[in-house]
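Data block below; observations after.
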Amino acid sequence: VTRLYKGKEHVEVEFIVGPIPVDDGLGKEVVTHITSTLETNKTFYTDSNGRDFIKRIRDYRTDWDLEVNEPVAGNYYPINLGIYMQDVKKEFSLLVDRALGGSSIVDGEVELMLHRRLLLDDSRGVAEALNETDCVLDECKGLTIQGKYYFRIDTIGDGAKWRRTFGQEIYSPPLLAFTEEDGDSWRNSHVTTFSGIDSSYSLPDNVAIITLQELDDGKILLRLAHLYQLGEDNDLSKPTNVELKKLFPRKKIGKVTETSLSANQERTEMEKRDSSGK
């Protein structure tokens, strides 16, 4: 199903694939192609764990001379957030709601693998085929999957803002809750609006809260992400400031300690070990 919502400048595609038949003894991979007229010169960009976008050049590796034996599989990459391609005038961006494989096997074209069911082991150490099934009683059939992807076209240099802002909406959608109660009665007996942040403050457009967790010792673990990589956007890639006091207006902040991303080491201790080599 393809949707174009009023007031939105991107296309939403919802897909349902499966179960993939294998009665003929052959495994299958289901892919979709989105074709454009962009002259991309073998180049496209995929995200790395949903963060930085990395430049990919088809049939090429920066670290060694690649001998092309797998022209399709050798150019596939994991897509956690999105993939985009561009030429001198336009850029085409595509975002996903789940991890998929993707590539640009042909200039101006994006390929996504939506589903697959294989009957042979790929000889990479697991020693089993990728043949996932859903069993009810004694009947087993291949999985059926449902998902969405989104795409749009921008003037060159303008696509990053949509990729980052809408990508954040995909990653952290609103959580809807429902109750069987009269609306007026609910509003009269419950607090219907709340924000832990100072009402006069909002985070900068290029910052998102990734983790906000109260730990056992009374400390609060706060992870903030700068959504833009260097040079990705003329304005939003720049450093910015976050006012912690306004993030926690009802708390008294006694001390702020910068830690590793996993929050199990203080940054000062990490730097000491790095400088001493121990």
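A few comments on the model shown:
- For segment 123-196: rounded, prolate or oblate by the Cα gyration tensor [a/c cutoff 1.5]: oblate
- Helix 267-276 vs. the chain, principal-axis angle (Cα, 0 to 90°, nearest 10): 60
- Given R0 = 51 Å, the distance between the Cβ atoms of Glu29 and Thr240 translates into a calculated FRET efficiency of 0.75.
- A cut-off of 5 Å between modelled amide H atoms, ignoring neighbours fewer than 5 places along the same chain, links Thr40 with Gly108.
- Note on segment 49-177: Lys pairs 8 or more places apart or on different chains, Cα atoms under 22 Å apart, count 6.
- Sequence-ordered 3J(HN,Hα) estimates for segment 187-196 from the Karplus curve with 6.51, -1.76 and 1.60 and θ = phi - 60° stand at 5, 6, 10, 9, 7, 9, 9, 7, 9, x Hz, glycine and proline given as x.
- Chain lengthening between Leu222 and Arg250 when straightened (0.36 nm per residue, less Cα-Cα): 8.5 nm
- 3J(HN,Hα) from dihedral phi, segment 197-212, Karplus parametrisation 6.51/-1.76/1.60, rounded to Hz, x for glycine, proline: 8, 3, 4, 8, 10, 9, 5, x, 4, 9, 10, 9, 7, 8, 9, 9
- Hits among lysines - C-alpha to C-alpha of Lys245 under 24 Å, sequence gap 8 or more where chains match: Lys219, Lys255
- Dipole moment magnitude, nearest 20 debye, segment 213-278 about Cα centre, only Lys, Arg, Asp, Glu C-beta charged: 380
- Ile54-Ile209 FRET efficiency (beta carbon distance; Förster radius 30 Å; 0.05 resolution): 0.75
- 11 Å beta-carbon shell around Glu67, net charge (K/R +1, D/E -1): -2
- Here Lys238 is the anchor, and the aspartates and glutamates within straight C-alpha reach of less than 20 Å, apart from those fewer than 8 places off in the same chain, are Asp47, Asp52, Asp158, Asp205.
- Stretchable slack from Val88 to Thr257, in nm (0.36 nm times residue separation minus alpha-carbon distance): 56.4 nm
- Using θ = phi - 60° and Karplus 6.51 cos²θ - 1.76 cosθ + 1.60, couplings along segment 2-11 (whole Hz; Gly, Pro as x): 10, 10, 10, 7, 4, x, 10, 10, 10, 9
- Length-normalised contact order for the chain - Cα pairs under 8 Å, 6+ apart - percent: 17
- Separation of alpha-carbon centers, segment 195-269 and segment 88-137, rounded to whole Å: 34
- Between 0 and 90°, nearest 10: helix 159-171 axis offset from the chain longest Cα axis: 80
- Packing, as the average of other Cβ atoms within 10 Å across residues, places the peptides 96-102, 53-59, 119-125 in the order 96-102, 53-59, 119-125, highest first.
- Two-site FRET efficiency, Tyr201 against Lys8, from Cβ-Cβ distance with R₀ of 35 Å, rounded to 0.05: 0.80
- Sum of -39500 (n - 2.57) over DSSP H runs of 4+, divided by residues of the chain (222 nm, nearest 500): -3500 deg cm²/dmol
- Overall form of segment 166-253: prolate. Here a/c, set by the Cα gyration tensor axes a ≥ b ≥ c, is 1.5 or more, and a/b is the larger of a/b and b/c.
- Under 5 Å between amide hydrogens, built in the peptide plane, is the criterion, and for Arg116 it picks out Val30 among residues at least 5 positions away or on other chains.
- Amide H contacts under 5 Å for Val207, placed H, 5+ residues apart: Leu227
Coordinate-derived values only; no laboratory data. Just so it is clear, the structure is predicted and the values come from calculations on it, not from any experiment. Neighbour counts run over all protein chains shown; Cβ positions are idealised from the backbone, glycine included.
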